[in-house]
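Read through the structure below, which is laid out as structure tokens, and then see the notes.
The values are calculated or read from the model by the stated rules, or taken from the named source; none is laboratory data. Just so it is clear, the model here is predicted, and its values are computed rather than measured. Neighbour counts run over all protein chains shown; Cβ positions are idealised from the backbone, glycine included. Areas reflect the complete protein model, heavy atoms only, side chains present, ligands, DNA and RNA absent. Shrake-Rupley method; radii C 1.70, N 1.55, O 1.52, S 1.80 Å.
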Amino acid sequence: MSLWNHRTFVLHPDHTDLREWMEQLPEIFAEEAGELIHDGRNQLRKISHGGTVYVVKAYRRPHFINRMVYGLLRPSKAKRAYDNAIALEQIGIGTPAPVGYMNLRRGLLFDRSYLVTLASTCPYRYEDLFSLDLPFADEVLRAIGRLTACLHEHGLAHKDYGRGNILFGQRPDGSIQLELVDLNRMAHGPLDMKAGCKNFERLPATPRMHRLMAETYAAARGFDPEQCYRLMQAFRQTQPGKIDNKY
């Protein structure tokens, strides 16, 4: 690799056997390998290798100024997402297992980055609560309240806590499995009741849904559940695209 076209990558200690595959990741992605599962600002592909299914996220190339910033000063989005996934695992918060990340550089300019995780086994996303009749939906909402409380008690807040970034499923024993994705934007620092409840504002929710999340969130953090419920309702009203009559 020339100094002009430079790539660096980090592999999780559990996945050091993927070094050769990881080195070829940009070419593998460019060949449109695997299954395209999201094509928007960034691209996600589900790719099988060695009998294991991985999800590879290719972050789009930043504009020129940010290419300089990421090239010299700031960690890439892929690195931040990888580091945040490690942090969540350490406090018992579910997320697709981090495998590694790669940064590409052209000279002093950052080019783009890739994040690799294991594919999630969760079959649903938060938004599915509005279209599917799931008998365990109430337990999902309570579990989200507890998970969010755990995040906040550890001084972490997902800055894109929206309908597509909470994955869930039900385990054979009936317990709820939750996983958070899109982790490159996390806030670090203490969160009081107001700041904590504000973190729910991008999640569409009916009053009943807010009630269930508020009760478990408040119980886990020692807050008043009625105050949490009212704050969640008020903050949600400031957001576009509200859904308030389908659950």
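For this structure, a couple of remarks:
- Test: residue in segment 65-88 that is under 17 Å from Met186 (Cα atoms), modelled with pLDDT of 95 or more, touching a helix residue (DSSP H, G or I) at 6+ places or on another chain (Cβ under 9 Å) and open to solvent by less than 40 Å² (accessible area, probe 1.4 Å): yes
- Scope segment 92-106; condition touching a strand residue (DSSP E or B) at 6+ places or on another chain (Cβ under 8 Å) and either at pLDDT 95 or above or on the phi > 0 side of the Ramachandran plot (or both); matching residues: Ile93, Gly94, Thr95, Pro96, Ala97, Pro98, Val99, Gly100, Tyr101
- Strands (runs of 3 or more DSSP E) fully within segment 161-247 that include at least 3 residues being open to solvent by 40 Å² or more (accessible area, probe 1.4 Å): none found.
- Residues being within 18 Å of Trp21 (Cβ to Cβ), at pLDDT 95 or above and small (Gly, Ala, Ser) - total across segment 109-123: 1
- Total residues in segment 18-50, condition touching a residue at least 60 places away in the same chain (Cβ under 8 Å) and not in a helix (DSSP H, G or I): 1
- Criterion: more than 20 Å from Ala214 (Cα to Cα) and touching a strand residue (DSSP E or B) at 6+ places or on another chain (Cβ under 6 Å) - qualifying residue of Ala157, Ala87, Ala187, Ala143: Ala187
- The number of residues in segment 6-29 that are open to solvent by 60 Å² or more (accessible area, probe 1.4 Å) and either closer than 15 Å to Ala97 by Cβ or in contact with a strand residue (DSSP E or B) (Cβ under 9 Å, 6 or more places away or on another chain) (or both) comes to 8.
- If you go through segment 32-52 and keep only what is at pLDDT 90 or above, out of contact with any strand residue (DSSP E or B) (no Cβ under 6 Å at 6 or more places or on another chain) and of a type outside the set (Ser, Thr, Tyr), you end up with His49, Gly50, Gly51.
- Apart from one condition, Thr117 fits all of (1) among the β-branched types (Val, Ile, Thr); (2) touching a residue at least 60 places away in the same chain (Cβ under 8 Å); (3) part of a loop (DSSP other than H, G, I, E, B); the exception is (3).
- Scanning segment 102-119 for residues that are open to solvent by less than 20 Å² (accessible area, probe 1.4 Å) and in contact with a Leu (Cβ under 6 Å, 6 or more places away or on another chain) yields Met102, Asp111, Tyr114.
- Within segment 123-160, restricting attention to residues that are assigned to a helix (DSSP H, G or I) and over 19 Å from Tyr217 (Cβ atoms), the residue that is most open to solvent (accessible area, probe 1.4 Å) is Glu127.
- Pairs with Cβ under 6 Å, 6+ apart, first in segment 133-158 and farther than 15 Å from Thr206 by Cα and touching a residue at least 24 places away in the same chain (Cβ under 8 Å), second part of a helix (DSSP H, G or I) and open to solvent by 10 Å² or more (accessible area, probe 1.4 Å): Arg146/Thr216; Arg146/Ala220; Ala149/Ala220; Ala149/Arg221
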